[in-house]
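This report concerns only the one structure given below.
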Amino acid sequence: MGDFFRKHRFRILICIIALLVGIMLCTVNQKGNSYPGSGIINTILQPFRSAANSISENSESLLGSFTQGSRYQAEIEELKKENAGLKNELKNYENTKQQLAELQQFMGIKEKHEDHIYSEPCTIIGYVTNDPYHSFIIDKGTDDGISLHDPVITGEGIVGIISSVSSNSATVQTILSPDLSIGAISANNKYTGILEGEIVLASEYKCRMIYLDRDTKLKEGDLITTSSASGLFPKGYLIGTVDSIEIMESGLSKYAVITPAVDFEAMTSVIAIIDYPGKGDSHE
């Protein structure tokens, strides 16, 4: 009996739904006018219509947000590409600007030392691994006229010498190394000494001028240039400035801590002096 009533109720429910649908269809005439009583049906169906409209509106809103978000994402990616391009152009501009400044300095050196022959500007392409004295490698070699022991400079001052060379590259040993001994003199030509590197000073990109008399009058800020005494460098190239005056470990003489004119950390290119009067007279 329970199964019968359940089936009976189900059939009744189906009939009621069919009746309501039929009434709804009949409430509208061919001209689009509603018959009397259609308001009741509309009232009954209104919640269903509202729900359907809400679902439709939410779907359209969600689809619109998705489409708009995709457009914004595409615009963001495009802006990122433009920004990267502008950064690259700015970097190239800065590099070109620096190269032009270096070339101007090199031209000034050539005018000052007309009897010296220089290489083309050499780009630094790497550094010697685990060298506390900051030796580096350049992209020019014997094919470019560079040879062993050639002095290396920038427009600011001296850098070091060529310590090894191949056909298309060379290694530069800097003035921060204790293996180099370069004749040095104060700009007023009163005080002479030998420039050499020292490991503690090299960590600060400094070196020292040794063999100064105890009564030396060198002072902070004085300019130091090459004297050609060692034969490694021709005379008259700027080394740097006096940072301080100290007493040697022996106590018998003094030395000057020198801050090189060259900024070793910012340096990107150098030139070699491939020939000059007196070259080769005494290489150590």
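Among residues belonging to region 110-147 that are without any contact (Cβ under 8 Å) to a residue 60 or more places away in the chain and within 14 Å of residue 271 (Cα to Cα), point out the one that is surrounded by the fewest Cβ atoms within 10 Å (Cβ to Cβ). So the residue we want is 125. Just checking, does region 265-274 include any residue being open to solvent by less than 30 Å² (accessible area, probe 1.4 Å), part of a loop (DSSP other than H, G, I, E, B) and closer than 18 Å to residue 159 by Cα? Looking through region 265-274, at least one residue is open to solvent by less than 30 Å² (accessible area, probe 1.4 Å), part of a loop (DSSP other than H, G, I, E, B) and closer than 18 Å to residue 159 by Cα. Scanning region 205-228 for residues that are open to solvent by less than 50 Å² (accessible area, probe 1.4 Å), under 17 Å from residue 161 (Cα atoms) and hydroxyl-bearing (Ser, Thr, Tyr) yields a count of 3.
Residue selection: residue 186 satisfies the criterion of being within 24 Å of residue 250 (Cα to Cα) and open to solvent by less than 50 Å² (accessible area, probe 1.4 Å). Considering (1) within 22 Å of residue 113 (Cβ to Cβ); (2) open to solvent by 30 Å² or more (accessible area, probe 1.4 Å); (3) at pLDDT 95 or above, the lone condition that residue 262 does not fulfil carries the number (2).
With respect to the conditions (1) modelled with pLDDT under 95; (2) surrounded by fewer than 18 Cβ atoms within 10 Å (Cβ to Cβ), residue 191 falls short on a single one, namely (2).
The values are calculated or read from the model by the stated rules, or taken from the named source; none is laboratory data. This structure is a prediction, so every number in the text was calculated from the model and none was measured. Cβ coordinates were reconstructed from backbone atoms using ideal geometry, including for glycine residues, and neighbour counts include every protein chain displayed. Please note that ligands, DNA and RNA were not included when accessible areas were found on the heavy atoms of the full protein model with its side chains. Shrake-Rupley method; radii C 1.70, N 1.55, O 1.52, S 1.80 Å.
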